[in-house]
């Protein structure tokens, strides 16, 4: 048993009303958090989130949890927090994510549910969105800068002079401006296959929502349909995007024509994928988590696809010799 496991187990044994018999580390994520599954003989499994408050904003996690609970989203309950504010005993939403079901025949059914759940969050979260940080131009720009610093410099090995010769401003400005002009909603901000859990009875649950913002309406749907971890066939993706769009129109959440909505979707995806490629590179070069760079080719393929339609994307990929 690791030192962390021992410390967690000692804390769990001080909580009245539980009888924990086993603890297993199950995963870490792209943050500094670690997760353990713990078993109570009578109440079943729980998750312990190890989130050092010196490295993670735990107050924000608690705040967003409370907001999502107000609108009855299927997220973990926080049952206990230790005195240091580091360890959280939370609900176990299951052992499999949407990603783990990707090769099963009923996979499409889960996507239908995920789209419906997203729309529900956006409708019911409308009254709460002003309590969230705003996804403003500064944040959008800073995310795209990750691509320049961590992918171009560290992963591609370009030097500063080479990077300075490339004018990213037309692309970054257009992506930021297009995002800013969209309808604003409650944005999960990481709504993809690895953060949508499937319970033992087939119900969906959401995790990793602590970075939620008030932001562009296409952000979460592009995270789901142009997932960095699962490639969805183009016709199927367009069908699901149309289902989502029809939900929005029906609920009077957008009055944009479909053609304009698709442009928003495409360019929001470009912004997100530039950010994701930068983060995957940072995880390798700064955090020594090498496996995430394996997700860069799929993520880059979305940009290459869009470059055939949007000259401003094609221009950058050409200068980086990535076409």
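The values are calculated or read from the model by the stated rules, or taken from the named source; none is laboratory data. Everything numeric in this text was worked out from a predicted model, so none of it was measured. Ideal geometry is used to build each Cβ from the backbone, glycine not excepted, and the neighbour counts take in all protein chains shown.
Can you say whether residue 161 is over 21 Å from residue 309 (Cβ atoms), surrounded by fewer than 19 Cβ atoms within 10 Å (Cβ to Cβ) and without any contact (Cβ under 8 Å) to a residue 60 or more places away in the chain, as far as the supplied structure shows? The answer is yes for residue 161.
Among the conditions (1) without any contact (Cβ under 8 Å) to a residue 60 or more places away in the chain; (2) touching a helix residue (DSSP H, G or I) at 6+ places or on another chain (Cβ under 7 Å), residue 35 misses just one, which is (2). Among the residues of the range 125-145, count how many are in contact (Cβ under 8 Å) with a residue 24 or more places away in the chain, over 18 Å from the mean Cα position of the chain (by Cα) and not in a helix (DSSP H, G or I). Number of matching residues: 2. Consider the range 104-127 and keep the residues that are surrounded by 17 or more Cβ atoms within 10 Å (Cβ to Cβ) and in contact with a strand residue (DSSP E or B) (Cβ under 8 Å, 6 or more places away or on another chain). The one that is farthest from residue 70 (Cα to Cα) is 110. Among the residues in the range 265-285, are any closer than 21 Å to residue 187 by Cα, surrounded by 16 or more Cβ atoms within 10 Å (Cβ to Cβ) and touching a strand residue (DSSP E or B) at 6+ places or on another chain (Cβ under 7 Å)? Within the range 265-285, one or more residues are closer than 21 Å to residue 187 by Cα, surrounded by 16 or more Cβ atoms within 10 Å (Cβ to Cβ) and touching a strand residue (DSSP E or B) at 6+ places or on another chain (Cβ under 7 Å). Residues that are out of contact with any helix residue (DSSP H, G or I) (no Cβ under 9 Å at 6 or more places or on another chain) and farther than 19 Å from residue 186 by Cβ: does the range 222-231 have at least one? Among the residues of the range 222-231, not one is out of contact with any helix residue (DSSP H, G or I) (no Cβ under 9 Å at 6 or more places or on another chain) and farther than 19 Å from residue 186 by Cβ, which makes the answer no. Filtering 229, 191 for residues that are surrounded by fewer than 22 Cβ atoms within 10 Å (Cβ to Cβ) and either in the same structural domain as residue 130 (by TED's automatic domain parsing) or touching a residue at least 24 places away in the same chain (Cβ under 8 Å) (or both) leaves a single hit, 229. For the range 297-315, a residue qualifies if it is closer than 19 Å to residue 232 by Cα, in contact (Cβ under 8 Å) with a residue 60 or more places away in the chain and either in contact with a helix residue (DSSP H, G or I) (Cβ under 8 Å, 6 or more places away or on another chain) or not assigned by TED's automatic domain parsing to the domain that holds residue 135 (or both), and the qualifying residues are 299, 302. Quick one: in the range 212-224, which of the residues that are part of a loop (DSSP other than H, G, I, E, B) and in contact (Cβ under 8 Å) with a residue 60 or more places away in the chain is nearest to the chain's Cα centre (by Cα)? Once the filter is applied, the top-ranked residue is 212.
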